[in-house]
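Structure first, then comments.
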Amino acid sequence: MARLNVNPTRMILTSLKKRLKTAVRGHKLMKDKRDELMKRFIDIARENKVLRDKVEEQIINVYAGFTIANAVMSKEVLEEALMYPKQSVEVKVSYANVMSVEVPVLDFRYKNADSSDIYPYGFANTSGELDGSIKNLSEVFPVMLELAAMEKKVALLAEEIEKTRRRVNALEYVMIPQLQETIKYIRMKLDENERGNQTRLMKVKDMMLKQAILEKQAVTEEALQQYASH
């Protein structure tokens, strides 16, 4: 792992130690977030699967009813019966926060106060299969909206999981090892400089001691010579 290109000083070492501590803490938090996101994702994905199966089953029933109605009724009568829908809905979108992810929440209401008033035609010229299909379609519509919101939630959580995974990997395999390698390098350089300074100090001390011994010897010899001259 390549180290950072920095000057090996104690100030830089202190700064890098703080960055490493922050990176390690951030790595743990990001891993915890990733694990919790995965747990939420799996739970929602299971709910989504159940809901999708339910919607698909109801849609099959709707199509089956329309197919039979289309077979027993003329095309013109069927198109005329469905030309002007009697009921409409208003969809309101809000958002909920799931692990810092804004997910949509869909809410709807029928514009007509009577939600059961869904048949835009009289019953004289239509078949019971068409009535059943309209009723089934009215019942499956809220579930379809719920499924749409849930699938969007699943997609957003999957995207956030991928982002978090990349950040965890960047911290774990790039940033933290890089900081550790740089700190190790600076410590080695500082220790090397410290040993060099100690060696120089010992040499200076030896030189000073040797000089003091020589000076003392010179003084002693001078004193002996003066004593001998008397």
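The values are calculated or read from the model by the stated rules, or taken from the named source; none is laboratory data. Note that the structure is a prediction, hence the values are computed from the model and not measured. Heads up, the Cβs are rebuilt from the backbone with ideal geometry, glycines too, and the neighbour counts pull from every protein chain shown. Side chains are part of the model used for accessible areas, which takes the heavy atoms of the whole protein and leaves out ligands, DNA and RNA. Shrake-Rupley method; radii C 1.70, N 1.55, O 1.52, S 1.80 Å.
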Legend entry - Near pairs, Cβ below 9 angstrom, 6+ apart or cross-chain, from segment 79-106 (farther than 18 Å from E151 by Cα) to any residue that is in a strand (DSSP E or B) and not acidic (D, E): Q87/Y110; S88/Y110; V89/F108; V89/R109; V89/Y110; E90/F108; E90/R109; E90/Y110
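State yes or no: is R187 in contact (Cβ under 8 Å) with a residue 60 or more places away in the chain and within 25 Å of V6 (Cβ to Cβ)? Steps first, answer last, please.
Values: in contact (Cβ under 8 Å) with a residue 60 or more places away in the chain: yes; within 25 Å of V6 (Cβ to Cβ): yes.
Criteria met by R187.
With the requirement that a residue be acidic (D, E) and surrounded by 14 or more Cβ atoms within 10 Å (Cβ to Cβ), what does segment 160-180 give you?
Restricting attention to segment 160-180, the residues satisfying the condition of being acidic (D, E) are 160, 162, 172.
Correct list: E160, E172.
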Inset, instruction - Would you check which residues across segment 190-224 are open to solvent by 90 Å² or more (accessible area, probe 1.4 Å), closer than 24 Å to I12 by Cβ and among the aliphatic types (A, V, I, L, M) and list them? - result: none
Inset, instruction - Run I60 past the list (1) surrounded by 14 or more Cβ atoms within 10 Å (Cβ to Cβ); (2) assigned to a helix (DSSP H, G or I); (3) among the aliphatic types (A, V, I, L, M) and report the number of the one that doesn't hold. - result: (1)
Inset, instruction - Check segment 182-201 and report whether any residue there is at pLDDT 90 or above and either within 30 Å of D43 (Cα to Cα) or of a type in the set (S, T, Y) (or both). - result: yes
Inset, instruction - Please give the number of the condition E76 fails out of (1) free of Cβ contacts under 8 Å to residues at least 40 places away in the same chain; (2) open to solvent by less than 100 Å² (accessible area, probe 1.4 Å); (3) among the acidic types (D, E). - result: (2)
